[in-house]
Amino acid sequence: MREDSIMKKSSLRTLKERSIASSISKNNTYAQLLKRKRNEKRRTLEELAYGICSPSYLSKIENANVEVDEQYYQLLFEKLDIPYENILTNRNSQIFQEMIKKYLLYQYDEIQMIVNDAISSNTYCETELELLLLFSNIIRGFYEEAKLLMVKLEDLRNSLNNKELLFFVYLTALYFYKTNQTERAYQYLLVLCEIKYEDEIFKFAVYDLATEVFYLYGAYALFYQYYHLITTLEPVFLIAKRVTNHRMRALVLNASYTNILATEEMESFKTIIDLNDEEQRENYYYYLGCCYYQTNQYLKVLESTRDVKSARINALIASALNRIGDIKTALNYFDDLKLNNLGTEIKRYPQLIFLDLNMPVMGGWEFLDHFAKEEYRALFKDCKVIVLSSTIDPDDINKAKTYPMVLDFLSKPISKEMLENLKKILL
């Protein structure tokens, strides 16, 4: 499924049109819930209204055109086998905000608990549950499942109430951000940032995501604007961890101009952040390394990131080594990372390595010779290697087969079809 077929910006356009028309207002959620539940159970107006009210009056109730006595809701919901008392006690009208708050506080497990409780309560309609599941799938990295839900919800965009539409567009921007589609996330957030929000948590979530995306996109004026805005919002003290992350990004940008001042402030953050939190620890050392890199302190990049590893930190190290430009320094750096010491730090080992035969410093064959040694295989016993080469030499293919960890030999460039075939082999 092509990414550009997911949205076509229609829900984004719908949100913008409603915003311009000043129609981002509260909806009668009970009325809408009643209508949706009736349709889910395939009951006609006449069937549900019989013995309670006229079909025309029920239509007015469902469309929120009349003030309704609570007794009508009780009778109508109970005729749909939904105890009205359950709706009053189990249905959370702020469930979207509650999930967003859990996300902002990094309480990801609790998000799934909220979804499970909502499903079992029978007090939410299918559309609401699909929005909750979409959020959960994005947070857990189930992006294929998320895409399917996004396509379905996009087709229903005109039936979404204002709160649901805002939530859906926010989740779409979050999906694009999580799947590294920064430009698309940027376009969505430009619109989301124009909306006037009554709810502070929702506003903070939009501005928080916008600040991060604007930084990644290189829109630094917008980054500074929304970074300063979120520091003025009411939830800032509850969600200080995210503000700290934005402050570290600002320091990286400032390091190019203020040099030592920005770097010193970044170094001082070590005393206020929780280094036992793996995500916060990685963030801190990555941005500290970026500060050193911006101020041409490349050896300090290597020193500061020695005990913390991630894809982006590895890329930063590679850039620093390239700027140093000394092969001996690079070899000494990797020699210092003793395997036993490294092994005690790694929590998750790679399951698959794409290995280019033609690499600087250490070639692909030399890597395989080292990787085949017993001390490496003991730690990386489940790791497989895909050998890559720009030319297909039968001798190279036969040689690769002599290494037990080599799964396949592919020619560059890699195509989508190659990856699909590889996926079948691995699964």
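The values are calculated or read from the model by the stated rules, or taken from the named source; none is laboratory data. Note that the structure is a prediction, hence the values are computed from the model and not measured. Cβ sites come from the backbone with ideal geometry, for glycine too, and all protein chains shown count toward neighbours.
Restricting attention to the stretch 42-89, the residues that are closer than 19 Å to SER120 by Cβ, at pLDDT below 90 and assigned to a loop (DSSP other than H, G, I, E, B) add up to 2. I want to confirm something. Restricting to the stretch 131-146 and keeping residues that are within 16 Å of ILE119 (Cβ to Cβ) and among the charged types (D, E, K, R), which single residue is surrounded by the fewest Cβ atoms within 10 Å (Cβ to Cβ)? Among those that are within 16 Å of ILE119 (Cβ to Cβ) and among the charged types (D, E, K, R), it is ARG140. Starting from residues that are among the charged types (D, E, K, R) and modelled with pLDDT under 90, keep the ones in the stretch 385-400 and report whichever is farthest from ASN358 (Cα to Cα). Looking at residues that are among the charged types (D, E, K, R) and modelled with pLDDT under 90, I get ASP395. For the stretch 373-415, the candidate set comprises residues that are in a loop (DSSP other than H, G, I, E, B) and charged (D, E, K, R); within that set, the residue that is nearest to LEU427 (Cα to Cα) is ASP382. When every residue of the stretch 109-118 is checked against the conditions, none turns out to be outside any helix (DSSP H, G or I) and in the same structural domain as ASN158 (by TED's automatic domain parsing). Within the bounds of the stretch 86-101, is there any residue that is acidic (Asp, Glu), over 21 Å from LEU131 (Cα atoms) and free of Cβ contacts under 8 Å to residues at least 60 places away in the same chain? Checking the stretch 86-101: not a single residue is acidic (Asp, Glu), over 21 Å from LEU131 (Cα atoms) and free of Cβ contacts under 8 Å to residues at least 60 places away in the same chain. Can you report the number of residues in the stretch 325-358 which are modelled with pLDDT of 70 or more, within 21 Å of SER310 (Cβ to Cβ) and part of a loop (DSSP other than H, G, I, E, B)? So the count comes out to 2.
Yes or no: the stretch 362-373 includes at least one residue that is more than 35 Å from the chain's Cα centre (by Cα), under 30 Å from THR329 (Cα atoms) and surrounded by fewer than 11 Cβ atoms within 10 Å (Cβ to Cβ). Looking for residues that are more than 35 Å from the chain's Cα centre (by Cα), under 30 Å from THR329 (Cα atoms) and surrounded by fewer than 11 Cβ atoms within 10 Å (Cβ to Cβ), one finds at least one in the stretch 362-373, hence yes.
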